[in-house]
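The values are calculated or read from the model by the stated rules, or taken from the named source; none is laboratory data. Just so it is clear, the model here is predicted, and its values are computed rather than measured. Counting neighbours? That spans all protein chains shown, and the Cβs are built from the backbone with ideal geometry, glycine included. Note: areas computed on protein heavy atoms with side chains; ligands, DNA, RNA excluded. Shrake-Rupley method; radii C 1.70, N 1.55, O 1.52, S 1.80 Å.
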Amino acid sequence: MKYEIKSIFYTKKYIFIILALFVVSAIIGWYFVMSDVDGNYYSDFLDDVEVYGDKEELQKLYDDISKELSPIPGIEMDRNTEKATFLKTIYSFSLKYDLPYDSLVRYGDNSKYNHFHYFFAFSYVMGIFIFLSCSFVGSFYYTNEINSKLGKLLYTSGIKRGKLIAFKYLTSMLLIIAITVILDAVMSVFALIYSDTGAKYCIMYTSNNLYFLNYFQMFLLIISSHLIAILCTYTFTFFLSIVLKNGLICFIGMLLPMIGLLYMGSAISNDFAIFWDMATNGGFINALKSPADSYSIRFEKLLLYIPIMLIPVIAVLSCIPFVKKADYSR
């Protein structure tokens, strides 16, 4: 029984395809992510934070920036005030924990070289891999085996339709999950070769609070985003292919919007760009990056992920009548 499951679900063909997709994703992702790095790896890890040598200099920076801030009730915060508030928060946090300069890095800033940003840059590669592998395997795995009469073989064995689909769905998705977890874990360890840069915490700043993550916490955040992305993308693609009964149409339908966004990215709204980035590039972690024109992030952007989580549920429910009428005997 164990051999039968292995031969049915974990064929060499699909393992090689997934590995090939990862290589392609790595080449594409690495080119776009690392092409911006100009060699200034160890300077100004946190933009606008002035260099200080000891706690006395840090205290002076904090006192100076505090004098600039004189909040007036009812006055909206402008760019300069936001910057001053951001710096005051950073200096206060560094004083509290007695942190040297370059101890803090901003989440998602992949143009600086340290273990946080190195692993975050790799998460872009994994985001592309997750979308491509889920789209390809989800589109062709089930429909291809039904067309090759494997469905007839399982049908004659007495396996129920729902159980057949559940087996194929779970086992094929688990393969992608296993590869993703292994690669994320390996690269998180490999990224530690840059841990001597002094960076200790990855920060996410809002207008009210400063959130900070150590390296292990950041790893857990990213890998949880990847796993949820796999669950959503693969579930939607797999059951959509059952409804369409055509893997090629399903695969093309998954890729076209992603390709279209590359050419129309500047013409769409920021919220939709974040939504589509989460849908096609590694999950909710893309909503936590600070925008270029602001110092703070908005956690409410995570609400844009709700439709991404609901769409696979709708796909499964829509597939139920097709499953009941499915013919595995051809």
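For (1) assigned to a helix (DSSP H, G or I); (2) more than 18 Å from the chain's Cα centre (by Cα); (3) surrounded by fewer than 23 Cβ atoms within 10 Å (Cβ to Cβ), each residue gets a yes or a no:
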| site | (1), (2), (3) |
| --- | --- |
| V105 | no, yes, no |
| Y113 | no, yes, yes |
| F116 | yes, no, no |
| F119 | yes, no, no |
| F129 | yes, no, no |
| S135 | yes, no, no |
| S139 | yes, yes, no |
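Does region 180-203 contain any residue that is under 22 Å from P312 (Cα atoms) and either aromatic (F, W, Y) or open to solvent by less than 20 Å² (accessible area, probe 1.4 Å) (or both)?
Yes, region 180-203 contains at least one residue that is under 22 Å from P312 (Cα atoms) and either aromatic (F, W, Y) or open to solvent by less than 20 Å² (accessible area, probe 1.4 Å) (or both).
Looking at region 196-222, I want the residues that are farther than 16 Å from Y97 by Cβ and part of a loop (DSSP other than H, G, I, E, B) and have a partner that is open to solvent by 30 Å² or more (accessible area, probe 1.4 Å) and among the aromatic types (F, W, Y) with Cβ atoms under 9 Å, at least 6 apart or on another chain. Which pairs are those?
Qualifying pairs under 9 Å: T206/F299.
Output the helices (runs of 4 or more DSSP H) that fall wholly within region 228-330 and possess 2 or more residues being modelled with pLDDT of 85 or more and open to solvent by less than 60 Å² (accessible area, probe 1.4 Å), or say none.
270-280, 305-325
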